[in-house]
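Reviewing the structure listed below.
The values are calculated or read from the model by the stated rules, or taken from the named source; none is laboratory data. Keep in mind that what you see is a predicted model, and the values were worked out from it rather than measured. Heads up, the Cβs are rebuilt from the backbone with ideal geometry, glycines too, and the neighbour counts pull from every protein chain shown.
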Amino acid sequence: MSLSSLKDFPDKPHWVIMTTSSTYVPGDERSRTNPGHGYHEHWKTSVNYKIYLDKNEWEIEIDRREKSTYASDGDYVAFKSSGRAKINKTISVTVDDI
């Protein structure tokens, strides 16, 4: 399960594999013909947070990555998350005496 929205983040404990990916964004014509204008070419880096609700599936994926010959499979962080923090909001209203 991957996060596509913050609403997808589980309330309960889960296991995670985080990776990064990069996407090339070519500059626009204006930046090539008029340096300093438009937007320049660049790489956009994203962090991917893959959720495993089953610890066994998480361990299988780590094992696969560790045995893989692809360098990118070894670039990850694995951890257990306790889930969302419980946040309580309190509102206080005071009125000054005149």
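Tabulated data for the structure shown
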{"item": "Matching residues in segment 1-31 - criterion: being at pLDDT 80 or above, of a type in the set (A, V, I, L, M) and touching a helix residue (DSSP H, G or I) at 6+ places or on another chain (Cβ under 9 Å)", "result": "Val16, Ile17"}
{"item": "From the options Ser22, Ser68, Ser81, Ser5, residue that is surrounded by 12 or more Cβ atoms within 10 Å (Cβ to Cβ) and not basic (Lys, Arg)", "result": "Ser81"}
{"item": "Per-region count, segment 28-56, residues of a type in the set (D, E, K, R), free of Cβ contacts under 8 Å to residues at least 40 places away in the same chain and touching a Phe, Trp or Tyr at 6+ places or on another chain (Cβ under 9 Å)", "result": "5"}
{"item": "Top-ranked residue of segment 1-39 - restricted to ones that are aliphatic (A, V, I, L, M) and in a strand (DSSP E or B), ranked as farthest from Ala71 (Cα to Cα)", "result": "Val25"}
{"item": "Candidate set from segment 32-57 (those that are hydrophobic (A, V, I, L, M, F, W, C) and under 12 Å from Met18 (Cβ atoms)); member that is modelled with the highest pLDDT", "result": "Ile51"}
{"item": "Residue, farthest from the chain's Cα centre (by Cα), within segment 62-98, restricted to residues that are farther than 15 Å from Tyr52 by Cα, among the hydrophobic types (A, V, I, L, M, F, W, C) and outside any helix (DSSP H, G or I)", "result": "Ile98"}
{"item": "Filter pass, Ser5 being of a type in the set (S, T, N, Q) and within 21 Å of Gly83 (Cα to Cα)", "result": "yes"}
{"item": "Test: residue in segment 66-89 that is acidic (Asp, Glu) and under 20 Å from Leu3 (Cα atoms)", "result": "yes"}
